[in-house]
Amino acid sequence: MNQWMTLLQKEIVEMWRNFKWIWVPITFILIGVQQPIITYYMPQILDLAGGLPEGAVINIPTPTAGEVLIQGLGQYTTLGVLIIVLSTMGIIAAERKSGVAAMILVKPVSYRSFVTAKWAGALLLMWFSFLIGYLTTWYYTGVLFEWIPVEDFFQSFFFYGLWLTVILTITLFFSASLLVPGLAGFISLAVVMIVSLVSNTLSNLLEWSPSQLTSYASKILLEKGIPDDTLPASLIAACCIVILLSLSVIIFKKKELAS
């Protein structure tokens, strides 16, 4: 346990040196603040943009606070996922390529501790960044529209964050499997897009797909309750995380020993 904590501390310090603890949270805050502000001032923005016939009246229905927060979550589905993949794709592949991983594993360090410590460090960064980003969305939605109950906010935050954790673990898996960080990131994005597309297209058949957690988080904000299929989808997401993490350790060990 002491060895694992030392590796985790090393990972956290390394992310400080790479400024990940600065630019990732700031990026999530910018993602979080833009949706409620743009939605609130959209009529003024369109008016300043010009190009409308003289005397034209801009009449945009005011969205509910839940709809604004859902639109904010949609930004994390696109830009947020991209940031997670970019910040995680080289977490193992880059160290293997540079030889740092081999130097660490020469010491009495287990492959499981090495991989899981990296996963835990990236997980802390992701959950922290998503929390403050989503809090920003919730705060400005409350100030400009109306306040969403704290219970609904944290429920949607948890289930949406669970899907982001699956994405992070997928990226870690390919980072452990491949030597090129860019290729690991590209394949991770492709897998996430395919899973999301298939799940959305066959939503009636794949109610328990982990990617459906995004829609369930949205329904919590609109319907003020947790949908029935949320728990099974969460359990499957947790199983996927455990399986992918275990496979990451096994594949990384085989590749490292082979080299």
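The values are calculated or read from the model by the stated rules, or taken from the named source; none is laboratory data. Since we're looking at a predicted model, the values are computed, not measured. Heads up, the Cβs are rebuilt from the backbone with ideal geometry, glycines too, and the neighbour counts pull from every protein chain shown.
Among the residues of segment 99-117, which ones are in contact (Cβ under 8 Å) with a residue 60 or more places away in the chain and among the charged types (D, E, K, R)?
The answer is ARG112, and nothing else.
Checking LYS253 against (1) closer than 19 Å to LYS118 by Cα; (2) in contact with a Phe, Trp or Tyr (Cβ under 9 Å, 6 or more places away or on another chain); (3) modelled with pLDDT of 90 or more: exactly one of these is not met. Which one?
(3)
Does at least one position in segment 83-93 carry a residue that is within 20 Å of ILE220 (Cα to Cα) and outside any helix (DSSP H, G or I)? Reasoning before the result, please.
Filtering segment 83-93 for residues within 20 Å of ILE220 (Cα to Cα) gives none.
No, segment 83-93 has no match at all.
Does SER215 satisfy the criteria of being small (Gly, Ala, Ser), touching a helix residue (DSSP H, G or I) at 6+ places or on another chain (Cβ under 7 Å) and in a helix (DSSP H, G or I)? Show your work before the answer.
On the way: small (Gly, Ala, Ser): yes; touching a helix residue (DSSP H, G or I) at 6+ places or on another chain (Cβ under 7 Å): no; in a helix (DSSP H, G or I): yes.
The answer is no for SER215.
Identify the residue in segment 140-149 that is surrounded by 15 or more Cβ atoms within 10 Å (Cβ to Cβ) and not small (Gly, Ala, Ser) and, among all such residues, is farthest from GLN35 (Cα to Cα). Show your work before the answer.
To start, the set of residues in segment 140-149 that are surrounded by 15 or more Cβ atoms within 10 Å (Cβ to Cβ) comprises 140-142, 145, 148.
Filter once more, keeping what is not small (Gly, Ala, Ser): 140-141, 145, 148.
Working: TYR140: 9, THR141: 9, PHE145: 12, ILE148: 15 Å.
Within segment 140-149, the match that is farthest from GLN35 (Cα to Cα) is ILE148.
Given the structure, is ILE104 more than 23 Å from ILE226 (Cβ to Cβ), surrounded by fewer than 16 Cβ atoms within 10 Å (Cβ to Cβ) and in contact with a Gly (Cβ under 9 Å, 6 or more places away or on another chain)? Reasoning before the result, please.
Working: more than 23 Å from ILE226 (Cβ to Cβ): yes; surrounded by fewer than 16 Cβ atoms within 10 Å (Cβ to Cβ): yes; in contact with a Gly (Cβ under 9 Å, 6 or more places away or on another chain): no.
Against the criterion (more than 23 Å from ILE226 (Cβ to Cβ), surrounded by fewer than 16 Cβ atoms within 10 Å (Cβ to Cβ) and in contact with a Gly (Cβ under 9 Å, 6 or more places away or on another chain)), ILE104 does not qualify.
Taking helices (runs of 4 or more DSSP H) that do not extend beyond segment 100-195, which have at least 1 residues that are more than 26 Å from MET5 (Cα to Cα) and within 18 Å of the chain's Cα centre (by Cα)? Steps first, please.
Numbers: elements: 100-106, 111-144, 150-177.
It comes to 111-144, 150-177.
Of all the residues that make up segment 89-99, how many are over 19 Å from TRP4 (Cβ atoms) and not small (Gly, Ala, Ser)? Walk me through it before giving the result.
Step one: filter segment 89-99 for residues over 19 Å from TRP4 (Cβ atoms), giving 89-90, 93-94, 96-99.
This time we only want the ones that are not small (Gly, Ala, Ser), so: 89, 96-97.
The total comes to 3.
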